[in-house]
Amino acid sequence: SYCNQRRQECDNQMKRIAIFASGNGSNFQVIAEQFKVHFVFSDHRDAFVLKRAETLGVPAYVFELKEFADKQAYEQALIDLLDKHQIDLVVLAGYMKIIGPTLLAKYEGRIINIHPAYLPEFPGAHGIEDAWEADVPESGVTVHWVDSGVDTGQIIKQVRVPRLADDHLEQFEERIHAAEYQLYPTVLEALGVEMIEF
Ligand code: GAR
């Protein structure tokens, strides 16, 4: 194919991603082991995702909202980073802030999020716990485009995850996370994100 013959030209058309993560960063790690991640951003200076980035050799940036005059200035700093790295797709992976109007105005249609429930069921910051508390027989995982609402954007792909009769919350959580580690790479590949070659 054209891409096999002219690898350079092909790669140049592939989408360049940045990942935003606020905490642990396990989804970041799974993605960075399979795809070229141009940088990771964390909004918390003590986030474990920064250690993962260092281990994986992924460039990392960190700054906190409270270091800026307001959210507009904070998001303008993010836009400057995204522009500088020519990012095509922003991949939210446990980024626990709402994307505000400043960032949306420039990047809407180029931001995706993973949510640990089967949207529109259980939106918000506690998707796993809320499904658990509701005693549903199954929940799921969703990847969706980000709009101005909370977990309301157009769904790209979602999978169901069962809750088993003898589950404890920890086992249910683990099953949700395992589904995330499958679903997000599947979507990134489908969207044309550059993969790492072995
Ligand atoms: C993931 O389960 C992700 O779906 C969730 O936070 C976790 C981050 O884990 N995101 C949200 O709840 C967004 N509302 P990680 O930092 O280990 O990837």
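The values are calculated or read from the model by the stated rules, or taken from the named source; none is laboratory data. Just so we're clear, the structure is a prediction, and the values are computed from it rather than from any experiment. Please note: Cβ atoms are built from the backbone with ideal geometry, for glycine as well, and neighbour counts cover all protein chains shown. To get the accessible areas, we keep the full protein, side chains included, count just its heavy atoms, and leave off ligands, DNA and RNA. Shrake-Rupley method; radii C 1.70, N 1.55, O 1.52, S 1.80 Å.
Quick check: residue separation of residue 186 and residue 174 times 0.36 nm, minus the Cα distance between them. What number comes out in nm? Could the numbers behind the result be given before it?
Working: separation 12, 0.36 × 12 = 4.32 nm, distance 1.88 nm.
Working it through step by step, the gained length comes to 2.4 nm.
Shape class of the chain from the Cα gyration tensor (axes a ≥ b ≥ c, square roots of the eigenvalues): oblate, since a/c reaches 1.5 or more and a/b does not exceed b/c. For the chain, there are no membrane-span-like helices by this rule, meaning no whole DSSP H stretch whose C-alpha atoms cover at least 24 Å of axis and whose Kyte-Doolittle mean is 0.5 or above; this says nothing about an actual membrane.
Pull out a ≥ b ≥ c, the square roots of the eigenvalues of the alpha-carbon gyration tensor of the stretch 156-198, then state rounded if a/c is under 1.5, prolate if not and a/b is larger than b/c, and oblate in the remaining case. Prolate, because a/c is 1.5 or more and a/b exceeds b/c.
Based on the alpha-carbon gyration tensor of the stretch 94-198 and its eigenvalue square roots a ≥ b ≥ c, which shape applies: rounded if a/c is under 1.5, prolate if not and a/b is larger than b/c, or oblate? Oblate shape, in that a/c is at least 1.5 and b/c is the bigger or equal ratio. Taking a probe of 1.4 Å, how large is the accessible area per residue of the chain, in Å²? Solvent-accessible surface per residue comes out at 52 Å².
Near residue 111, the amide H atoms lying under 5 Å from its own belong to 90, 146; only residues 5 or more places off or on other chains count, and H is placed 1.01 Å from N. At what distance in nm do the modelled label points of residue 15 and residue 154 sit from each other, each positioned 7 Å from its Cα along Cα→Cβ? So the label points at residue 15 and residue 154 sit 1.2 nm apart.
When the pairs 15/84; 15/51; 84/106 are compared against a 23 Å limit on Cα-Cα distance, 15/51 fall above it.
Residue 65 to residue 83: extension gain in nm, 0.36 nm per residue of separation minus the Cα-Cα distance? Walk me through the numbers before you get to the answer.
Numbers: separation 18, 0.36 × 18 = 6.48 nm, distance 1.93 nm.
The residue 65-residue 83 span can extend by a further 4.5 nm.
Rolling a 1.4 Å probe over the protein heavy atoms of the stretch 61-151, with every protein chain left in place, gives an accessible area that is 54 percent carbon and sulfur.
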